[in-house]
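The values are calculated or read from the model by the stated rules, or taken from the named source; none is laboratory data. Given the structure is predicted, the values throughout are model-derived calculations rather than measurements. Don't worry about glycine lacking a Cβ; one is built from the backbone with ideal geometry, like all the others, and counts go over all protein chains shown. The accessibility values were calculated without ligands, DNA or RNA, using every heavy atom of the protein model including side chains. Shrake-Rupley method; radii C 1.70, N 1.55, O 1.52, S 1.80 Å.
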Amino acid sequence: METTVGDFLLQRLAAWGVRRVFGYPGDGINGILGAFGRTKENIEFVQTRHEELAAFMATAHAKFSGQVGVCLATSGPGAIHLLNGLYDAKLDHQPVVAIVGQQNRMALGGDYQQEVDLISLFKDVAHEYVHMAVVPEQVRHLVDRAVRIARDQRTVTCIIFPNDLQEMPAVEKPPRQHGTVHTGIGLTGRRVVPGAADLLAAADVLNGGKKVAMLVGAGALHATDEIIEVADLLGAGVAKALLGKAAVPDDLPFVTGSIGLLGTKPSWDMMTECDTLLMVGSAFPYSEFLPKEGQARGVQIDIDGRMLNLRYPMEVGLVGDSRETLRALIPNLQRKKDRSWREDIEKNVDRWWRVLESRAMNEAKPINPQRVFWELSPRLPDNCILTCDSGSAANWYARDLKIRRGMMASLSGGLATMGPGVPYAIGAKYAHPDRHVIAMVGDGAMQMNGINGLITISKVWKEWGNGKLTILVLNNSDLNQVTWEQRVMEGDPKFQASQTLPRFPYAAYADLLGLGGIRVDKPEAIGPAWDRALSANVPTLVEMVTDPDVPPLPPHISANQAKHYLEALWNRDPDSISIIQSSFKEVWDGLFPGKK
């Protein structure tokens, strides 16, 4: 059979190292799907339950493998469904290529069924590169440029294929004539390091500081050893933006943990008292959790010069790879002789872990969600991969889990969308089938996307060669994060029409699909449930029935937040008595950890 454009598309993707494409079928991509059915390339099609989940899986593949993720959708509605997952990739700077179908070329402009202006639709999310193939001679350079730009710029790109073009004879090598483009794959060598003078200027600022704070993010995930060495030389503490949770392990005494609304008190204290800030590979957005302007001198390292001096006015901005730049900076740094700043940080960190343990062990109705994460933490398998969804689950993920060296972890950072927790876990499992993957999801996100993800897991998990996949669902029948935001940010009581969720038997549904299902509604059963789930030989869902009234207290409560909280109570929040009791316990443990 003659090679078609669809066949050649898969050949070219495989030549770039793409081994799987996440997608959902439709007649706008039948020519590509037919090519999957006959391909001899080492590339597979992974069927999802919805195109949004396909984009999330491609994003997770990029996050956990470091390679380009690829998703596929049909024209019109299928292409539209991809958008949320693609924006997740874009805002977290992940390389993802979206391949979408389109109606026949001769129908375009004719108000045809499912005809959507896809170039305009994708122009924002794939602004670095979005093009439609109109002749077979284009396909090679469209694929090459889409993959190369996605990888080089760490962004989303998009290629559009009209369905009649997909079945035309391929042109694997364009003719050598005027007006043709001849691209290649080839090896790309890249090492981005600032110049010597810039490194010296940065070192001068850091060496001059007496109280140095470090903030690291996703751009520093590969620079663990260098971060530790720099922190040791400078006597600094290290805070972590949420996407950088796995950048340094939490068992180091000077790691203050997460920062921001979901952050820790040691991170807050360090930022409010430091005189020097070193920010590495992070676009952490909330400036109110950074030092006040003028309080601290600053140095920032980022691979993208556009992100420098964006969150805090820095004295020195260094454009470069985090690991390479820190390596080049280290010989210029002087070891601090006065270690009192570091010692104070370590005391705060030690006390904070005791506060978290006390809070986790407080009684709740029926289960304290903090205890769920606290008891999971020491049981985390070595080299596991953690995924988390947006919502109150992210609070406890950020604070109560101690990441160890070798683990990987991520969630939706920049977009902070609901829904990626389970599809992220599926994408992670395809990227690393030998590693244990654990997803942490609230019941809102589970009802939104996760339930459909379970269907995919039940279909494909045996392809991974093991059942090392665990899904936690916090069942509190409440869209809990927004409920607390209504109270603390707006002063409104819980609005039950928008916040209360319908009941759903999550563990029983997992059982129905042939997976493992464990339901827990007693605190003493939390540990045994984790032991059973983590040792299971099939993917297992753990449904924890948790108390929605346990407050996710920020590290610092402003007067405005306290005022709104009291207003919500005054306006007769339906759970006012319970949340007053829970809040008192949290505040008490913050003041007197371990003393009930």
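Taking the stretch 466-506 as the search range and keeping residues that are charged (D, E, K, R), under 24 Å from the mean Cα position of the chain (by Cα) and at pLDDT below 95, which one is farthest from Glu375 (Cα to Cα)? If you could, list the steps in order and put the result at the bottom.
Filtering the stretch 466-506 down to residues charged (D, E, K, R) leaves 468, 478, 485, 487, 490, 492, 494, 503.
Filter again for under 24 Å from the mean Cα position of the chain (by Cα), leaving 468, 478, 485.
Still in the list and also at pLDDT below 95: 478, 485.
Numbers: Asp478: 23, Glu485: 27 Å.
In this case the residue turns out to be Glu485.
Give the stretch 461-474 a look and list any residue that's surrounded by fewer than 22 Cβ atoms within 10 Å (Cβ to Cβ) and either in contact (Cβ under 8 Å) with a residue 60 or more places away in the chain or in contact with a Lys or Arg (Cβ under 7 Å, 6 or more places away or on another chain) (or both), or say none.
Of all residues in the stretch 461-474, those surrounded by fewer than 22 Cβ atoms within 10 Å (Cβ to Cβ) come to 461-467.
Result: Trp461, Trp464, Asn466, Gly467.
Scanning the stretch 518-532 for residues that are of a type outside the set (A, V, I, L, M) and surrounded by fewer than 21 Cβ atoms within 10 Å (Cβ to Cβ) turns up Arg519, Asp521, Lys522, Pro523, Glu524, Gly527, Pro528, Asp531, Arg532.
Residue selection: Ala202 fails the criterion of being touching a residue at least 60 places away in the same chain (Cβ under 8 Å), over 23 Å from Thr272 (Cα atoms), crowded, with 22+ Cβ neighbours inside 10 Å and out of contact with any His (no Cβ under 9 Å at 6 or more places or on another chain). Candidates are the residues of the stretch 65-88 that are open to solvent by less than 50 Å² (accessible area, probe 1.4 Å) and in contact with a Lys or Arg (Cβ under 9 Å, 6 or more places away or on another chain); the one that is farthest from Leu454 (Cα to Cα) is Val68.
For the stretch 231-251, name all the residues that are of a type in the set (A, V, I, L, M), more than 23 Å from the chain's Cα centre (by Cα) and open to solvent by 10 Å² or more (accessible area, probe 1.4 Å). Before you say what the answer is, go through the steps one by one.
Within the stretch 231-251, the first condition is being of a type in the set (A, V, I, L, M), and the residues that meet it are 231, 233-234, 236, 238-239, 241-243, 246-248.
From what's left, more than 23 Å from the chain's Cα centre (by Cα): 231, 233-234, 236.
Answer for the stretch 231-251, where residues must be of a type in the set (A, V, I, L, M), more than 23 Å from the chain's Cα centre (by Cα) and open to solvent by 10 Å² or more (accessible area, probe 1.4 Å): just Leu233.
From the list Ala239, Ala231, Ala246, the one residue that fits, being touching a residue at least 40 places away in the same chain (Cβ under 8 Å) and under 29 Å from Gly406 (Cβ atoms), is Ala246.
Could you pull out the residue among Ser535, Ser477, Ser498, Ser458 that is within 25 Å of Arg20 (Cβ to Cβ) and either surrounded by fewer than 23 Cβ atoms within 10 Å (Cβ to Cβ) or in contact (Cβ under 8 Å) with a residue 40 or more places away in the chain (or both)?
Working: Ser535 fails: within 25 Å of Arg20 (Cβ to Cβ); Ser477 fails: within 25 Å of Arg20 (Cβ to Cβ); Ser498 fails: within 25 Å of Arg20 (Cβ to Cβ).
Of the residues listed, the single one that is within 25 Å of Arg20 (Cβ to Cβ) and either surrounded by fewer than 23 Cβ atoms within 10 Å (Cβ to Cβ) or in contact (Cβ under 8 Å) with a residue 40 or more places away in the chain (or both) is Ser458.
Scan the stretch 304-320 for residues that are of a type in the set (A, V, I, L, M, F, W, C), in contact with a Gly (Cβ under 6 Å, 6 or more places away or on another chain) and open to solvent by less than 30 Å² (accessible area, probe 1.4 Å) and the total you get is 1.
Would you check if Ile403 is crowded, with 20+ Cβ neighbours inside 10 Å and either modelled with pLDDT under 95 or in contact with a Pro (Cβ under 8 Å, 6 or more places away or on another chain) (or both)? Against the criterion (crowded, with 20+ Cβ neighbours inside 10 Å and either modelled with pLDDT under 95 or in contact with a Pro (Cβ under 8 Å, 6 or more places away or on another chain) (or both)), Ile403 qualifies.
Within the group Phe56, Phe36, which residue is modelled with pLDDT of 95 or more, among the aromatic types (Phe, Trp, Tyr) and either surrounded by 22 or more Cβ atoms within 10 Å (Cβ to Cβ) or in contact with a Pro (Cβ under 8 Å, 6 or more places away or on another chain) (or both)? Testing whether each residue is modelled with pLDDT of 95 or more, among the aromatic types (Phe, Trp, Tyr) and either surrounded by 22 or more Cβ atoms within 10 Å (Cβ to Cβ) or in contact with a Pro (Cβ under 8 Å, 6 or more places away or on another chain) (or both) leaves just Phe56.
Can you tell me which of Pro175, Pro95 is open to solvent by less than 40 Å² (accessible area, probe 1.4 Å) and either out of contact with any helix residue (DSSP H, G or I) (no Cβ under 7 Å at 6 or more places or on another chain) or within 22 Å of Cys71 (Cα to Cα) (or both)?
Numbers: Pro175 fails: open to solvent by less than 40 Å² (accessible area, probe 1.4 Å).
Every option except Pro95 fails the conditions.
Counting only helices (runs of 4 or more DSSP H) that sit wholly inside the stretch 287-390, those with at least 1 residues that are touching a residue at least 60 places away in the same chain (Cβ under 8 Å) and within 17 Å of Ala231 (Cα to Cα) are 322-329, 340-360. Considered as a group, the residues in the stretch 104-142 that are of a type in the set (Ser, Thr, Tyr) and farther than 19 Å from Asn84 by Cβ include one that is modelled with the lowest pLDDT, and that residue is Tyr112.
Mind telling me which of the residues Pro552, Pro548 ends up being under 22 Å from Ala439 (Cα atoms) and modelled with pLDDT under 85? Criteria check complete, one pass: Pro552.
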